[in-house]
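K.L.:
I'd like to ask some things about the structure below.
The values are calculated or read from the model by the stated rules, or taken from the named source; none is laboratory data. Note that the structure is a prediction, hence the values are computed from the model and not measured. Don't worry about glycine lacking a Cβ; one is built from the backbone with ideal geometry, like all the others, and counts go over all protein chains shown.
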């Protein structure tokens with residue numbers, strides 16, 4: 001009886017160690033893999049005086065796909081991202097995606113351009129659930145009325 005219970009206990013213990021000891025970042029990345037509907041997009045302009053203007057709002061605007069990629073060092077906690085938007089001729093295909101250790105932000109590399117600097121999009125995680133995420137990202141839009149104008153985009157993602 002002891003031998004049977006050891007044969008069952010040891011593999012279960014090994015699995016527990018393997019999955020239980022992963023970093024929070026690794027768990028988050030693994031949980032995020034899959035296809036997500038961009039269920040809601042809201043874009044606002046933030047003026048230098050603090051006032052805001054609604055630029056656009058839409059539902060079911062596209063999909064975000066996150067997947068493990070060939071050749072990515074899995075110890076680095078990267079995924080590939082692909083974004084397809086119904087309103088855009090441009091698509092983002094198989095580009096690097098990463099989360100920070102605290103899961104407060106995610107990084108879309110080469111989002112705005114293919115250069116090495118100033119091309120990445122960093123989104124703040126406002127809501128983090130297994131099947132629903134809410135992310136916001138900011139971008140400088142220009143100057144006006146004696147200050148800087150920013151654009152805030154918020155995406156609500158739902159797992160497909």
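K.L.:
Which pairs turn up if I take residues in region 107-134 that are under 20 Å from residue 60 (Cβ atoms) and look for partners that are loosely packed, with under 13 Cβ neighbours inside 10 Å with beta carbon separation below 9 Å, at least 6 apart in sequence or on another chain?
P.N.:
Here the result reads 133/127; 134/127, each pair linking region 107-134 to a residue that is loosely packed, with under 13 Cβ neighbours inside 10 Å.
K.L.:
Right, something else. Please report, ordered by residue number, the strands (runs of 3 or more DSSP E) entirely within region 100-160 with at least 3 residues that are within 23 Å of residue 49 (Cα to Cα).
P.N.:
Filter on region 100-160 gives 132-144, 147-159.
K.L.:
A follow-up question, please. Could you grab the pairs with beta carbons closer than 9 Å, sequence gap of 6+ or different chains, first residue in region 85-103 and at positive phi and surrounded by 11 or more Cβ atoms within 10 Å (Cβ to Cβ), second one part of a loop (DSSP other than H, G, I, E, B) and modelled with pLDDT under 75?
P.N.:
Once the first residue is at positive phi and surrounded by 11 or more Cβ atoms within 10 Å (Cβ to Cβ) and sits in region 85-103, its partners that are part of a loop (DSSP other than H, G, I, E, B) and modelled with pLDDT under 75 give 94/69.
K.L.:
In region 105-119, what residues are at negative phi and in contact with a strand residue (DSSP E or B) (Cβ under 6 Å, 6 or more places away or on another chain)?
P.N.:
105, 106, 107, 108, 109, 111
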